[in-house]
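What follows is a short report on a single structure.
The values are calculated or read from the model by the stated rules, or taken from the named source; none is laboratory data. Because the structure is a prediction, the values reported are computed rather than measured. Glycine also receives a Cβ, built like all others from the backbone with ideal geometry; neighbour counts cover every protein chain displayed.
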Amino acid sequence: MRKFSLRTNLLIFLALLSAAITTLYPLFYVAMTSARTLEDYNKNAYGIPKFFTLDSFRILIENYSLGTAARNTVTVVGISLLTAIIFSSFAGFALAKYDFPGSKAMNWSFIAVMLLPSQILIIPIYLLLSKFELVGHLHGLMFVYIGTNIPFGVFFLKSVFSAVPDTILDAARIDGAGFFKSFFKIAVPNAAAGITTLAVLQFLGMWNELLYAYLILPDQSQRLLTPALASIGGRYTTNQPLVAAALCITAAPTLILLAMSSKYLVRGVSTGIGNS
Amino acid sequence: MTLPALLEVGPDKGPTFAGRVQGHIRGATLTQQKQRIGLFAALPAFLVVTSLLFYPIGYAVWISFLKTDGVTSKFIGLSNYANIFTEPLVHEVFVTNLKFLIAIPMVIFLGLFTAVLLYQEIWGWRFFRIIFFLPSVLSTSVIGLMFRSAFTLNGPINTALIQFGFEPINFFARANMAIFVVVLALIWAGFGYSMMILLSGLMSIDTDLFAAAEVDGAGWWQKFRYIIIPSVKQQLAFVSIINTLYTFTSLFGFIFVMTAGGPMYSTTTLDYLVYQKAFSAFDMGEGSALAIIMFGVIALLTIAQSKHLKNDAGR
C-alpha cells in the first residue's frame, strides 16, 4: 500500500502542489499587499509592487493603536497561559498519580465542561464580570481565558503524567521527596514535551479568540489584536493594504509558532483521540 | 482547533502511585496525608472551574427565565423558551445552520483523501502535511477577512471572472452566494485538521495487513475499502462529531467579519443569533435561552453520533 510508481507519484505530487498553492498564494498575496502603497494597489493589485513600504504598518501603530493591541494581547495571553498551565499541571499530576477520595468525580467534572460552547457562557460571564466591574479590564479577560482553558489542560496533562513511570516516582518517594520535589524534579521534566504541546495548542486558542475579547474589552484603548483586526477589516474595505497589514500582524505570530513547533502540534492534534 | 477528544476517556491503567506507595510504606496516616496532598494540588483548578464555568452555567439557566437587559430584570418563567420555539426567525436561522453542514462531508472527504496520499508517502508529504494544516493555526477572523477581501465586488476573484469574460458577482449581496463563500472558507480552513487526525489513525495500521492483502491479489480500492476505512473508523467518528460541534458553535468569527449575518438574516447562524439577541438587542434572557437550547441540540447530536458510531464499530 505504501509506495506509488514514479508516474503516479509525479501526477499526484502536481495535484497536491496546486492544492498547496491555493493555501500559500493567498498568504503571499496578503503579505505583498501589506507592503504596497494604496495608489500602487489601485493601479496594479496583482503584479510585483514597484517599491516596498511599511507605511500601512506605521499607520496602524500610530493611528489605530495596533501596537497597544499587540502589547495587550501578549500580556493577557502570557499571564493566562502561564496560570492555566500551572493550575492544570498540578491538578493533572494529582489526578494521575494521587488517588484521593473524590478524584474520579473531579476528573469527570473537568471532562464534562471541556466542550462547553462559549455562547452558553458569554452571557452569564459578561454579567458577572460587569457586576465585579471587571468588564473593560485586562484581568477580567484573563479570568475567562484561565477558566475556559483549565478543563482541557487537566484532561490532557492527566494523560501525559499518567505515562510517567511509577517506578521512578516510587524511588523518589522512598528517598524522601515530597509532592513538590516529585512534581518539579521528576514529573515535569518527564512530561516536558506534553506540557509544551499543550502550551502551543492553548496559546493558539487564546491568541485567535474573538468573542470574549471583543465583548469583555470594548474600549478601543484596551482592545486585543483579533477584535482590532475585525473592526479594521470591517471599516476600511477600500484600503486593502491597511487591512492586509493588520492581517499580517495578527497572523504572523501563529505562523511563526507553527514553523517552530510543528512537531508538537502534529503530536498534540493526534493525541487525546485514544489512538496512542 | 484545540477541541479535545470526547470519544476515548479510557479507564485508568494500573495501580496509581499513591496506591503502590501504600504497599511500600505501612501506616494509614501516611496514605491519608498523601491523599490530602493530592486533593490540595487539584483543588485550585477545580475551584477556578467551579467559579468560572459551573456557576455561570447555573446562572445562565436562571437568566433564561428572566426578561433582562443586564440592568433591570423580571422573572417571566418559560416565556423566553416559548418565544424562541415560535419565532420564525429562529427556525430560519436553524435551517441556515443546517445548510452550513454541507461543508462537513467535503472536509472529511478531502481530509481522508489527502491523508491516504500522505500515508503512501507521496513526494514532499511532510511539506504538504504542514501546508494543509497551516490554516488551522489562523484565527477565524483572519481567514474570514481574507475570504471577504478575495470575494468582494472588486476583489481578485471578480477580477479573474471578468478576465475570463464572465459578469462579476456581488457575492455578499446574494444569500446563496454568501453561504457558498462561508462554506468554501470552512472547507479551506478545516480539512487540514481532519487530515491530521485521520493520518494519525492510518499511521497505526499494521502494515502486515497490506502485505497479506497483496498476496491475496487485492487492488488499491479493495485495500482502501476493507483495510483503511475500518481501521480509521474511530478517527472518522471523531472528525465528524468535532466538525458538527464546530458548525453549530464556532462560526461566529467567520460570520462576524464576513457577512455580519446578512444579507438580511441569510447567513445568521445560531451562535451569531445568540450574540445578536444578547448584545445588540440587549435581551439577555432570550439569548441565554437560545444558547441553552442550542447546547441541548448539539449534546443530543453528539450522543446520537457517538452511539451510532460505537454500534458500527461493534459490528
Go through the residues of region A:23-39 one by one and say whether even a single one is in a helix (DSSP H, G or I), under 22 Å from residue A:233 (Cβ atoms) and at pLDDT below 85.
yes
Could you please find all residues in region B:58-83 being crowded, with 16+ Cβ neighbours inside 10 Å, within 14 Å of chain A (Cβ to nearest Cβ) and part of a helix (DSSP H, G or I)?
B:59, B:60, B:63, B:80
Hey, can you tell me all the residues within region B:13-35 that are modelled with pLDDT of 60 or more, more than 7 Å from every other protein chain (Cβ to nearest Cβ) and either out of contact with any helix residue (DSSP H, G or I) (no Cβ under 9 Å at 6 or more places or on another chain) or buried (at least 16 other Cβ atoms within 10 Å of the Cβ) (or both)?
B:29, B:31, B:32, B:33
Which condition number in (1) buried (at least 19 other Cβ atoms within 10 Å of the Cβ); (2) modelled with pLDDT of 90 or more; (3) over 30 Å from residue B:221 (Cα atoms) is the one that residue A:16 fails?
(3)
Are there any pairs with C-beta distances below 7 angstrom linking a residue in region B:102-127 that is within 13 Å of chain A (Cβ to nearest Cβ) to a residue that is outside any helix (DSSP H, G or I), with the two at least 6 apart or on different chains, and if so which?
B:120/A:1; B:120/A:2; B:120/A:3; B:120/A:4; B:121/A:2; B:121/A:3; B:122/A:4
Name the residue that is nearest to the other protein chains (Cβ to nearest Cβ), counting only residues in region B:215-227 that are within 16 Å of residue A:4 (Cβ to Cβ) and modelled with pLDDT of 85 or more.
B:223
Filtered residues of region A:135-154 (kept if touching a helix residue (DSSP H, G or I) at 6+ places or on another chain (Cβ under 6 Å) and within 29 Å of residue A:185 (Cβ to Cβ))
A:146, A:149, A:150, A:151, A:153, A:154
Condition first: in contact (Cβ under 8 Å) with a residue 40 or more places away in the chain and more than 7 Å from chain B (Cβ to nearest Cβ). Now tell me which residues in region A:163-173 satisfy that.
A:164
Note on residue B:278: of the conditions (1) free of Cβ contacts under 8 Å to residues at least 40 places away in the same chain; (2) surrounded by fewer than 19 Cβ atoms within 10 Å (Cβ to Cβ); (3) in contact with an Asp or Glu (Cβ under 9 Å, 6 or more places away or on another chain), unmet is (2)
Which listed residue, of A:218, A:189, is closer than 21 Å to residue B:258 by Cα, surrounded by fewer than 23 Cβ atoms within 10 Å (Cβ to Cβ) and out of contact with any Phe, Trp or Tyr (no Cβ under 9 Å at 6 or more places or on another chain):
A:218
Can you find even one residue in region A:113-126 that is at pLDDT 90 or above and out of contact with any helix residue (DSSP H, G or I) (no Cβ under 9 Å at 6 or more places or on another chain)?
no
Here are the criteria: (1) of a type in the set (Ser, Thr, Tyr); (2) assigned to a helix (DSSP H, G or I); (3) touching a residue at least 60 places away in the same chain (Cβ under 8 Å). Tell me which single one residue B:226 does not satisfy.
(3)
I'd like to check which helices (runs of 4 or more DSSP H) are fully inside region B:86-201 and have at least 1 residues that are among the small types (Gly, Ala, Ser) and buried (at least 21 other Cβ atoms within 10 Å of the Cβ).
B:103-119, B:140-151
For residue B:96, state whether it is of a type in the set (Ser, Thr, Tyr), over 26 Å from residue B:244 (Cβ atoms) and in the same structural domain as residue B:297 (by TED's automatic domain parsing).
no
Just checking, does region A:118-126 include any residue being without any contact (Cβ under 8 Å) to a residue 24 or more places away in the chain, facing chain B (nearest Cβ under 7 Å) and either in contact with a strand residue (DSSP E or B) (Cβ under 7 Å, 6 or more places away or on another chain) or acidic (Asp, Glu) (or both)?
no
Please work out if residue A:254 is closer than 23 Å to residue B:189 by Cβ and without any contact (Cβ under 8 Å) to a residue 60 or more places away in the chain.
yes
Could you please find all residues in region B:136-152 being in contact with a Phe, Trp or Tyr (Cβ under 6 Å, 6 or more places away or on another chain) and either at the interface with chain A (Cβ under 9 Å from one of its Cβ atoms) or without any contact (Cβ under 8 Å) to a residue 12 or more places away in the chain (or both)?
B:136, B:140, B:144
Specify which of the listed residues (A:176, A:140) is assigned to a loop (DSSP other than H, G, I, E, B) and more than 10 Å from chain B (Cβ to nearest Cβ).
A:176
Do we find that residue A:230 is closer than 18 Å to residue A:125 by Cβ and either crowded, with 19+ Cβ neighbours inside 10 Å or modelled with pLDDT of 95 or more (or both) in this structure?
no
